[in-house]
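Scroll down for the structure; my scribbles are underneath it.
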Amino acid sequence: MIMKGLKKRLAAGETLSGCWLNLGSPLTAEIVGLSGFDWVLLDLEHGAGEPKDLLHQLQALGNTAAAPVVRVESVAKQRIHRVLDVGAEGVMCPQIKTIEDALSAVKGMHYPPIGHRGVAKMVRATGFGKNFNAYVANTQNDIVGIIQIETVEAVENVEAIAAIDGVDVLFIGPADLTMSLGVFGQLDHPLFTEALAKIIAAATKAGKATGILIFDPAEFAHYQSMGIQLIACGSDATFVANGASELAKKLNQMKNVPTTN
């Protein structure tokens, strides 16, 4: 399995665009992967897919340029090392609130003595054993550890979380964070903008990247100007729903248009 260099590109200071894959479909994964995104997020927290669907989605993404990141539903080491074994290039861990949560997540991503990831040789990530030594030797350079900052408690602990080796990206979850702050959906509210600034400052101080999910592509330049590197917008479900609605609307409008012979 060939890594797409997501961690190296972040370290080089690139701004990388991505989107969510939440339908659990290898076909939409392949379509989206071929569309030009730098990375995609396969969502096991809120997505419709099951862990058994993950392998087929990763295989579908294999011949595309998009780096696959998987959001797990918990930081249990078995869950994290399983998604890495099947070929995830990065792991996003949601609802991280404390230093202990973040340490548990990072340890699950790396082999001993750094972490406690279980060792399996005959897995897809290692080319079923053919590239095992190289894979193990380079996991620290290749695996992207993404910690979601989406609660008041996480913001309070953000400097300590950012300082942990293996935390590569602090990813802001606007919906959950504004909900936790009591200002749901108000992205211009001072409480949210202050939290955002604190997260970015903590990441910058620790030499880490930041990421965010946006809801309107017009917001991309704004967040990029703040130094946020990993920016996601949209999902396969959104693309299908919007495309279908737009086409149906056009066809329905044409039903009442007189035809000419």
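Each reported figure results from applying straightforward, stated rules to the coordinates on display, with no laboratory input. Bear in mind the structure is a predicted one, so any value in this text is a computation, not a measurement. Methodologically, a virtual Cβ is constructed for each residue, glycine included, from the backbone with ideal geometry; neighbour enumeration extends over all protein chains shown.
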Net charge over other residues, Cβ less than 15 angstrom from the Cβ of L54 (K, R count +1; D, E count -1): -4
Cβ charges +1 (Lys, Arg) and -1 (Asp, Glu), total dipole of the chain, debye: 820
Dipole of the range 128-261 [Lys/Arg +1, Asp/Glu -1 at C-beta], most positive-end residue of I199, G173, Y135: Y135
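Give me I228, I214 sorted ascending by neighbouring Cβ count inside 10 Å, so fewest comes first. Don't skip to the end; give the middle numbers.
On the way: I228 24, I214 18.
Fewest to most other Cβ atoms nearby, the residues stand as I214, I228.
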Restraint check, K77/K205; K4/K77; K97/K208; K97/K121; K4/K198, Cα-Cα greater than 26 Å: K77/K205; K97/K121; K4/K198
For the chain, with +1 on Lys and Arg beta carbons and -1 on Asp and Glu, the positive-most of A218, W39, Q186 along the dipole: W39
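Please compute the net charge surrounding E30, taking Lys and Arg as +1 and Asp and Glu as -1 over other residues with Cβ under 14 Å from its Cβ. Show your work: numbers first, answer last.
Numbers: positive: none; negative: D53, D236.
Charge balance in the 14 Å sphere: -2.
Mind putting a number on the dipole of the range 133-261 about its Cα centre? Charges go on the C-beta only, +1 for Lys and Arg and -1 for Asp and Glu, and I need it in Debye to the nearest 20.
Values: 6 positive and 14 negative charges, 117 e Å.
With only Lys, Arg, Asp and Glu charged at Cβ, the dipole is about 560 debye.
Can you give the charge dipole size of the range 158-223 about its Cα centre, rounded to the nearest 20 debye, using +1 on the beta carbon of Lys and Arg and -1 on the beta carbon of Asp and Glu?
160
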Most mobile listed residue (D43, D216, D236) in the chain, GNM with C-alpha springs under 10 Å: D216
Relative contact order, percent, the chain [alpha-carbon distance under 8 Å, six or more residues apart]: 18
Neighbour cut-off at most 14 other Cβ (10 Å), DSSP loop, chymotrypsin sites (Phe, Trp or Tyr not before Pro), the range 1-101: none
